[in-house]
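Student: Once you've had a glance at the structure underneath, I'll fire off some questions.
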Amino acid sequence: MICEICLKQQASDKHHKYSQTKLNKKLYKDFIHHEDNIVYLCNGCHLHKSIPKWTEIEFCIHFDIIPRTKSGRQKWPNFTQNSKNQ
Ligand SMILES: [Zn+2]
């Protein structure tokens, strides 16, 4: 696996775009380790380059899920009605 930022070095690190805090791992355990949430990086890029990051909202839009934190839901536009669980 090659680093996705420099495209040169071997990737040694896995970066989670939506960060894997304790809470996030608990709330989003089915999505947090999804390939789409992970960027493979070499150590140098992980430390020094600006790495893509997702907010909870961006993360939820990507996976088409409703935010699972209270604050996330408050920021969520009126998606609840046309969500998939109908
Ligand atoms: Zn790199």
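Rule-based calculations on the coordinates, nothing more; no lab input. This structure is a prediction, so every number in the text was calculated from the model and none was measured. Here Cβ is always computed from backbone atoms with ideal geometry, including for glycine, and neighbour counts include all displayed protein chains.
Student: For N43, what is the net charge nearby, where nearby means another residue's Cβ is under 14 Å from its Cβ and Lys, Arg count +1, Asp, Glu -1?
Tutor: +1
Student: Sorted by average packing, counted as other Cβ atoms within 10 angstrom per residue and highest first, what order do 25-33, 55-63 take?
Tutor: Ranked from most to least packed, the peptides come out as 55-63, 25-33.
Student: Taking 7 Å along the Cα-to-C-beta vector as the label spot, tell me the K70-D36 distance in nanometres, rounded to one decimal.
Tutor: 2.9 nm
Student: Sorting check: for 38-49, 65-76, which peptide has the highest mean count of neighbouring beta carbons within 10 Å, and how do the rest follow?
Tutor: Result, highest mean Cβ count within 10 Å first: 38-49, 65-76.
Student: Could you give each residue of the range 38-50 its phi-based ³J(HN,Hα) in whole Hz, using Karplus coefficients 6.51, -1.76, 1.60 with θ = phi - 60°, and x for Gly or Pro?
Tutor: These are the phi-based 3J(HN,Hα) values: 10, 10, 8, 9, 7, 4, x, 5, 4, 7, 10, 9, 7 Hz.
Student: Using alpha-carbon pairs under 8 Å, 6+ residues apart, how would you state the relative contact order of the chain in percent?
Tutor: 28 percent
Student: Along the Cα→Cβ direction, 7 angstrom out, place labels at K29 and F63. What is the inter-label distance in nm?
Tutor: It is 1.3 nm.
Student: Going down the table (K8/K29; K8/K53; K29/K53; K25/K70), which pairs top 24 Å between alpha carbons?
Tutor: Long pairs (Cα-Cα over 24 Å): K8/K29.
Student: How much length is gained if the chain between N43 and M1 is pulled fully straight, taking 0.36 nm per residue apart and subtracting their Cα-Cα distance, in nm to one decimal?
Tutor: Between N43 and M1, full extension yields an extra 13.8 nm.
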